Amino acid sequence: MALARTHAVTLSGVEGRLVTVEAQGADGLPATVMTGLADNACRQAPDRVRPALRNCGMPLPPRRWTINLSPAGVPKTGSGLDLAIAVAMMAAEGHVPPATVAGVGHIGEVGLAGDVRPVPGVLPMTLAAAAGGVAEVLVAADAAREAALVSGTRVHPVRTLADVRAFYLARAQGEVLELQMPASTPSLPVRMPDLGDVVGQAVARQALEIAAAGGHHLLLVGPPGAGKTMLAERLPGILPELSADEALAVTGIHSVLGALAADDRLLTRPPFVAPHHTASTAAVIGGGSRLIHPGAVSRAHRGVLFLDEAPEFRRDVLDGLRQPLESGEVLIARADRHVRLPARFQLVLAANPCPCGSASGQCICPPFRRTGYLGRLSGPLLDRVDLKLAVSAVTRGDLALPPGEPSAVVASRVLQARERQRERWRDLPFRLNSEVPGAVLREEPWRLGAAERRPLERAMDRGALTLRGLDRALRVAWTLADLRGAQHPALDDVTLALDLRTPSGVKVA
């Protein structure tokens, strides 16, 4: 019996890990031994592969099979290794030449009839295969277009194990069997919510533009019907499109979550994610007991995470946001592994001023309930929010005002401001003002003059501003300067940044 070796890919969080699959049969009592930290779904692969090969005319005689998944110390999860295990056993039994399968990757689940099925995470798996030097991959036909998003990798779609054998037998003869790529699904045009639909709310629109230009986090407090949700939903529409690397990362996360659209195209627009206030910590932050799944913060990577009715979220969920807001990632620790999940998002919080949600003149809540309601948002969390805004109810007079600027006009100013930031920080590992550490902004050559620093220093002396708050106000001031096209923030920029951080109309912890 020959030893056959080929490649598969497993997922760790949202990243793929290249796996070498080895299979060898030997005389002895019929049994299958699998080594290499396989989970239940992976260990059951031989039970699916045996009848599948028999039903495709490639029976395996009763033998003692040893299947090794290397590196042995990396946990192997899911059914995506089925196809590689099937190919390794086919080659070891002589149904295909072992030499032809050695440098090829395989991604897919195998059904009992021999059909090859797609699995979640094909895009990051294909990226990992390409990074590991595997230039060709066989994948389920229904996932072939997703895998083909990785440039420089030859993708071969297969529907059954019979297709796999035909492919490798042709390769052994020096031929290349071109398997037909499935037809693409036409994508429907998506209309982004337009900022021109918002009635009134001039100050809130300005805050939204500032948040988009600098990547700042935002808190909106106001009565129901004031337009908080409308404003939040229109933030992605004024953000620039994702770069090629960002699009691959965002699409890969959605692939792992099984949330890709039917057209299997790259996601080029920033995502908008709005979990319900009853969501658990694992659903929002990420985690799981055995398989570690990305949460809403990772799904919102390079986009917007909107928490409507923010005080109604569980306290552990809200406090769990503090680390990703600072680092841009979530670290999930387990006894056998640590998994990092990307989570660089813009946070938008919306809240009513009191539990009943009525305007202040009609509020029926006792004073202690009004005082404590927004207090559910902890001080450390709110200290990481750059812009805090009181949104007033829309009046009849607002209906008579001319329509506000559409999203396209605002988006052009946001793009220009971001280009200025990219040029300013081109020699440093930052792209947006919100990513720049405060220590950089407080030192030369970016240190503001004494007159511009004075409002912030006075606020610190009064205890109204922490050092983190001062740094974040400096970042907003630089964004205001970028929107004006100025080289440095002026005193008015610093004053407005401080007002937006500590507004009198928002009483929070």
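The values are calculated or read from the model by the stated rules, or taken from the named source; none is laboratory data. Here the structure is a predicted model, which means the values were calculated and not measured. Counting neighbours? That spans all protein chains shown, and the Cβs are built from the backbone with ideal geometry, glycine included.
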Legend entry - Residue among ALA102, ALA131, ALA88 that alone is farther than 12 Å from ARG5 by Cβ and either in the same structural domain as TRP65 (by TED's automatic domain parsing) or surrounded by 20 or more Cβ atoms within 10 Å (Cβ to Cβ) (or both): ALA131
Inset, instruction - May I ask you to say which residue of ALA130, ALA170 is part of a helix (DSSP H, G or I), out of contact with any Gly (no Cβ under 9 Å at 6 or more places or on another chain), more than 19 Å from GLU109 (Cα to Cα) and of a type outside the set (Asp, Glu)? - result: ALA170
Inset, instruction - Could you tell me whether PRO445 is more than 26 Å from LYS228 (Cβ to Cβ), in the same structural domain as LEU347 (by TED's automatic domain parsing) and not β-branched (Val, Ile, Thr)? - result: yes
Inset, instruction - Could you figure out which of (1) of a type in the set (Ser, Thr, Tyr); (2) modelled with pLDDT of 95 or more; (3) in contact with a Phe, Trp or Tyr (Cβ under 9 Å, 6 or more places away or on another chain) isn't true of THR229? - result: (2)
Inset, instruction - Please find, within region 232-263, the residue that is nearest to ALA207 (Cα to Cα) out of those that are in a helix (DSSP H, G or I) and either in contact with a Cys (Cβ under 6 Å, 6 or more places away or on another chain) or of a type in the set (Gly, Ala, Ser) (or both). - result: ALA232
Inset, instruction - For region 451-460, indicate whether the set of residues that are acidic (Asp, Glu) and within 15 Å of LEU387 (Cα to Cα) is non-empty. - result: no
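Yes or no, residue by residue, for (1) aliphatic (A, V, I, L, M); (2) in contact with a Lys or Arg (Cβ under 9 Å, 6 or more places away or on another chain):
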residue: PRO380; (1), (2): no, yes
residue: VAL394; (1), (2): yes, no
residue: PRO402; (1), (2): no, no
residue: VAL414; (1), (2): yes, no
residue: ARG418; (1), (2): no, yes
residue: TRP425; (1), (2): no, yes
Inset, instruction - Test ARG420 against the criterion of being surrounded by 13 or more Cβ atoms within 10 Å (Cβ to Cβ), assigned to a helix (DSSP H, G or I), assigned by TED's automatic domain parsing to the domain that holds GLY372 and not β-branched (Val, Ile, Thr), and give yes or no. - result: yes
Inset, instruction - Could you check LEU266 against (1) of a type outside the set (Ser, Thr, Tyr); (2) surrounded by fewer than 21 Cβ atoms within 10 Å (Cβ to Cβ); (3) in a helix (DSSP H, G or I) and say which number it fails? - result: (3)
Inset, instruction - Can you tell me which residue among ALA473, ALA464 is touching a Ser or Thr at 6+ places or on another chain (Cβ under 8 Å) and under 26 Å from GLY375 (Cα atoms)? - result: ALA464
Inset, instruction - Among the candidates ARG454, ARG413, ARG424, ARG475, single out the residue that is without any contact (Cβ under 8 Å) to a residue 60 or more places away in the chain and within 32 Å of the chain's Cα centre (by Cα). - result: ARG424
Inset, instruction - Please state which of the following conditions THR35 fails to meet, knowing it meets all the rest: (1) within 33 Å of the chain's Cα centre (by Cα); (2) under 20 Å from VAL119 (Cβ atoms). - result: (2)
Inset, instruction - Examine region 375-398 for a residue that is outside any helix (DSSP H, G or I), touching a Leu at 6+ places or on another chain (Cβ under 9 Å) and without any contact (Cβ under 8 Å) to a residue 60 or more places away in the chain, and state whether such a residue exists. - result: no
Inset, instruction - Pick out, from region 284-333, the helices (runs of 4 or more DSSP H) lying fully within it that include 2 or more residues that are free of Cβ contacts under 8 Å to residues at least 40 places away in the same chain. - result: 315-319, 322-327
Legend entry - Those residues of region 424-467 which are in a loop (DSSP other than H, G, I, E, B) and loosely packed, with under 11 Cβ neighbours inside 10 Å, in sequence order: ARG426, ASP427, PRO429, GLU443, GLU444, PRO445, ARG462, GLY463
Inset, instruction - Examine region 250-260 for a residue that is of a type in the set (S, T, N, Q) and more than 26 Å from TYR373 (Cα to Cα), and state whether such a residue exists. - result: yes
